[in-house]
Amino acid sequence: MSFTRGLSCNGRGSLPGAAGGSFMASFPGAGGGSFTGAAGGSFTTTPPGGGLGGIGSGALSNGLSGALGGMHSAELYDAVWQSADAEAEAAAHAAGFEYVPLPRQERYHELQVTPMIDPATGVQTMLVVQTDITARALCELRMAQLTETQLRMLENMFPRHVLEFMCGADPEEGLTNLEALALQHDDVSILFLDIVGFTAMSKELAPQQVLEFLNTLFCSFDEICLKFKVYKLDTAGDGYIVVGALMTVDSEGFFTLHDKSDPVEGANKLVAAAYEMLRHARSVPMPHNGQATQVRAGIHTGSVVSGLTGTKMLKFSLYGDAMNTSSRMESTCAPGCIHVSETTYELLTPSWRPHFCPRGGVQVKGKGLMASYMFAPDEAQLATMSADQVAELTEQQGLKDPPCPALAQPQPLCGLSIGSENSSGESNAMLCLTDYVPHRRYDSSAN
């Protein structure tokens, strides 16, 4: 087989099969016929003896395979280029030109083969038209990539039932009747988490630095959510919201609502995820002072309603008193701790319950006096033990609740005031923990 490639006026080689190039090849396996053509043009082939001689596509394919010696497409591509480069370079030197080969590029061609009778000779031939469609093919590939990117983005933003609702909407009317998407979910655990000292840090840094810090931290939180199979609902500023016992991932990779959610499993997975987030945050330094990042987490379990609202910037969200209570658990939590309501605490297994100490009565605006529990892991525990290791060791040690006998009865903690009102009647959330030392039932230094 021989390959030739045309040269442009400056001596630069053109692409094989591209405009300006040509190739010749003889395929003995194809009835002994020869195949000659110019890229972008049309040409005819005639096997010896006249007529096609009964050669079908299978015989032609077998002949091509035999002529190529069993080469794979990648090997053939390299062989074409090496042969063409060598021949083009020799021709250029003979003509006194400097040969500069063009870089290899993928080209897309469309071939149309039509059986016909040569009007001049009456011999049966084939008319082959080759067209360079690279521009069109690349455009189609880019459109396909864009569509795939958009679909993946929507999959991460909305659960399956919302995507199906969108696909069924009339394109001209847009999304209407959004109230049909409203669904109630009971015994859902919600985690609110925020960064301690974020407001003060933001005042000292450029916006780009703040965004880079948040992106680094939240991307790691996203991985933790995947690990513990909890659903990331939203971010708002430095706030990160996660839900347990609401979503699962189906066989096709879509988020879908739990048919029969387990409140116990959801609450415990959320506590484990919160612990891992506290633990990982320590490894990310605050960009303005280099100190380890501290976060606080609040969790409550209750009923919520899910759905979409509005017509612009649509977002799947949850609504209800449980969301407000979870936010209050977070805002009244000490830095580096996990604060849960009594409802969530009652769902915890022996793997986690012994680590939570009762806080006595916590006054929360709009809720009155609420019993709550706090887990304050120490530095050594966070540095050496993952959530799975903490749960496993707790079960091995057989720790039992109540973990803090001194606080078994509801009583205000030392120096703690939450939900006070000022003279204008506005509510302030104030937390003073100068004299508060959390009780720890688990001591990692003893192991």
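The values are calculated or read from the model by the stated rules, or taken from the named source; none is laboratory data. Everything quoted here is computed from the prediction, not taken from an experiment. When we count neighbours, we look across all protein chains shown, and the Cβ atoms used for this are built from the backbone with ideal geometry, even at glycine. Side chains included, ligands, DNA and RNA excluded: accessible areas come from the protein's heavy atoms. Shrake-Rupley method; radii C 1.70, N 1.55, O 1.52, S 1.80 Å.
Here is how the numbers come out for the structure above:
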quantity	calculated
Subset tally (residues that are surrounded by 11 or more Cβ atoms within 10 Å (Cβ to Cβ) and more than 15 Å from the chain's Cα centre (by Cα)) for segment 150-170	8
Residue count, segment 98-143 (criterion: among the acidic types (D, E) and over 30 Å from A86 (Cβ atoms))	2
Among the candidates V249, V295, residue that is within 30 Å of E179 (Cβ to Cβ) and touching a strand residue (DSSP E or B) at 6+ places or on another chain (Cβ under 8 Å)	V249
Count of residues meeting criterion [in contact with a strand residue (DSSP E or B) (Cβ under 8 Å, 6 or more places away or on another chain) and of a type outside the set (S, T, N, Q)] in segment 225-236	7
Criterion: over 20 Å from the mean Cα position of the chain (by Cα), under 30 Å from M247 (Cα atoms), open to solvent by 60 Å² or more (accessible area, probe 1.4 Å) and among the β-branched types (V, I, T) - qualifying residue of T176, T147, T121, T114	T176
Residue within segment 288-307 that is buried (at least 21 other Cβ atoms within 10 Å of the Cβ) and free of Cβ contacts under 8 Å to residues at least 60 places away in the same chain present	no
Matching entry among L127, L181 (being touching a Gly at 6+ places or on another chain (Cβ under 6 Å) and surrounded by 14 or more Cβ atoms within 10 Å (Cβ to Cβ))	L181
Qualifying residue in segment 358-370 (condition: among the polar types (S, T, N, Q) and out of contact with any Gly (no Cβ under 6 Å at 6 or more places or on another chain))	no
Positions within segment 215-225 being polar (S, T, N, Q) and surrounded by 12 or more Cβ atoms within 10 Å (Cβ to Cβ), in sequence order	T216, S220
Flag if E212 is over 24 Å from the mean Cα position of the chain (by Cα), farther than 22 Å from C337 by Cβ and in a helix (DSSP H, G or I)	no
Residue identified as out of contact with any helix residue (DSSP H, G or I) (no Cβ under 6 Å at 6 or more places or on another chain) and open to solvent by 30 Å² or more (accessible area, probe 1.4 Å) among M313, M329, M323, M374	M313
Residue ID - nearest to H280 (Cα to Cα), chosen from residues in segment 324-351 that are in contact with a Phe, Trp or Tyr (Cβ under 9 Å, 6 or more places away or on another chain) and among the aliphatic types (A, V, I, L, M)	I338
